[in-house]
Amino acid sequence: MNMPAENIARLRESFYKRISSRHLKPLWEVLHSLVPECPQPKCVPVLWKYADLRGPLLEAGELISAKEATRRVLILENPAFAGESKITNSLYAGVQLLNPGEVAPAHRHTQSALRFVLEGAGAFTAVDGERAYMQPGDLILTPSWTYHDHGSEIAEPVMWLDGLDIPILQLFDAGFCENLAEDQQQLARPAGDALARYGANMLPVDYKPKSLTSPVFAYPYARSREALEKLSKGSPVDACHGFKMRFINPATGGHAMPTIATFMQLLPKGFRGNAYRSTDATVFVGVEGKGRSRVGDQTFEWGPRDIFVVPSWMPCTHETDETSVLFSYSDRVVQEQLGLWRESRP
Ligand code: GTQ
């Protein structure tokens, strides 16, 4: 190859052009971005203040009914993924509004969903024949391919965060959905049945799992909060996480859902956390208290119901002014199953 550099460059360019008509591309031009030294997420840190979400959501409530919309939701779209309806590369987030008397009609899909209740108490999600009445801070799961409808018989609007694995299903082209003929599904069991059956450190003696998702489909905040409170009194504080727990499937001890990992952490008043990073981009929701989180080169001031996202492998540091609680979700469970998940305390 005894040729001037610009001749070589020209020959290569024309070669690339010729082979591209045969759907061939040179790996050596893209190898570094395909196989990076460490994660290079497109995802960027973003904060949504609840005060900025609530107005538009109520306005949506005047423009379209829950029934017409099927799901009246404003998508939290990461600006790095314009038009892609994603909050991280692998996960979806949206805020849903149900006004008094409304019904979001029953359907089922292969996407798994979580609801994290932000505002309003007493509306319900029905999942697979049972209603879960919602209180702020409750986590409610909708396993893959289970019928679910949402309804409100209370006087105030109800708002919650939807977290779904939509981008993961898109990756696999494995999405299916169908509507139930009726708006609301038939109930098969009283409210609270699943929690009694599976959420009391016991299981029915002949229990056989029906799916990979926890049979406890509603995790009341009162219980999660009490566990965190007791934990914070009885064990040393983690320098990065404060006191952090993960929601589990009590039948396996694994994560509560097969595609989305869910967590809740208590950060004591005056907490000054160390930096932490992990390969699972994470969506955080303020539940109680207030503080600030440094994410990469940004600082997010958060309080109750504010939502922010931390990209993969980006250092994040939490600080608080008051005793605070954060809920979070990520694809950590998938990465763990594939042997890919990593963390570091830089
Ligand atoms: O409640 O079924 O935010 O199917 C997006 C897609 C909620 C739901 C969303 C959905 C749902």
What residues of region 100-136 lie in the reach of a label at D173, counting those whose backbone N is under 12 Å from a point 7 Å from the Cα along Cα→Cβ?
none
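Report the calculated FRET efficiency for D238 and F15 (r = Cβ-Cβ distance, R0 = 56 Å), to the nearest 0.05.
Efficiency, rounded to the nearest 0.05: 0.55.
Quick check on region 131-277: take the gyration tensor over C-alpha atoms, sort the square-rooted eigenvalues as a ≥ b ≥ c, and tell me if it's rounded (a/c under 1.5), prolate or oblate. Please list the in-between numbers first.
Details: a/c = 1.62, a/b = 1.52, b/c = 1.07.
Prolate, because a/c is 1.5 or more and a/b exceeds b/c.
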Paramagnetic label zone (point 7 Å from Cα along Cα-to-C-beta, Q337; backbone N under 15 Å) in region 176-211:
210-211
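Report, to the nearest whole %, how much of the accessible area of the chain belongs to carbon and sulfur atoms, 1.4 Å probe, protein only. Write out the running numbers ahead of the final one.
On the way: 9580 of 17480 Å².
On the chain, the fraction of accessible area on carbon and sulfur atoms equals 55 percent.
Tell me the mean residue ellipticity at 222 nm calculated for the chain from its helices only (DSSP H runs of n ≥ 4, each -39500 (n - 2.57), averaged over every residue, nearest 500). The partial results should precede the final answer.
On the way: 8 runs with 71 residues, N = 346.
Taking each H run of at least 4 residues, the total per residue is -6000 deg cm²/dmol.
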Which whole-percent values make up P(r) of region 203-346 when all C-alpha to C-alpha distances are grouped in 5 Å steps starting at zero?
2, 9, 18, 22, 19, 16, 8, 3, 2, 0, 0
Peptide ranges 278-289, 118-129, 330-341 listed from the most packed, as the mean C-beta count within 10 angstrom indicates:
278-289, 118-129, 330-341
If you consider only alpha-carbon coordinates, what radius of gyration and Dmax does the chain have, in Å?
22.6, 81
Rounded Å value of the spacing that divides the Cα centres of region 1-44 and region 188-234
53
Sequence-distant residues sharing a close amide H with A132 (under 5 Å, placed H):
T125, A126, V127
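What whole-number volume per residue, in cubic angstrom, does the convex hull of the C-alpha atoms of region 157-216 give? Write down the numbers at each step before the final one.
Details: hull volume 10.9 nm³, N = 60.
Looking at region 157-216, the number lands at 181 Å³ per residue.
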Diffing region 232-245: the Karplus 3J(HN,Hα) column from phi (6.51, -1.76, 1.60, θ = phi - 60°), in whole Hz with x for Gly and Pro, holds 5, 8, x, 9, x, 6, 6, 5, 9, 9, x, 10, 10, 10
Return the single residue from H23, H32, H241 with maximal mean-square fluctuation; model: Gaussian network over the chain, springs between Cα atoms under 10 Å.
H23
With a point put 7 Å past each Cα toward its Cβ, work out how far R225 is from V44 in nm, to one decimal.
3.6
Using 7 Å Cα-to-Cβ label points, what is the K269/R292 separation (nm, one decimal)?
2.0
Using alpha-carbon pairs under 8 Å, 6+ residues apart, how would you state the relative contact order of region 84-200 in percent?
38
Collect residues whose amide H, placed 1.01 Å from N in the peptide plane, falls under 5 Å from the amide H of E288; neighbours closer than 5 in sequence don't count.
V325
Can you pick out the pairs among K86/K210; K67/K210; K233/K269; K49/K244 whose Cα atoms lie more than 18 Å from each other?
K86/K210; K67/K210; K49/K244
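Using the heavy atoms of the protein chains and a 1.4 angstrom probe, tell me the accessible area per residue for the chain in square angstrom.
Details: 17480 Å² over 346 residues.
It amounts to 51 Å² per residue over the chain.
The values are calculated or read from the model by the stated rules, or taken from the named source; none is laboratory data. Keep in mind that this is a model prediction, so the values were computed, not measured. With ideal geometry, Cβ positions are generated from the backbone for all residues, glycine too; neighbour counts draw on all protein chains shown. Ligands, DNA and RNA are excluded from the accessible area calculation, which covers all protein heavy atoms including side chains. Shrake-Rupley method; radii C 1.70, N 1.55, O 1.52, S 1.80 Å.
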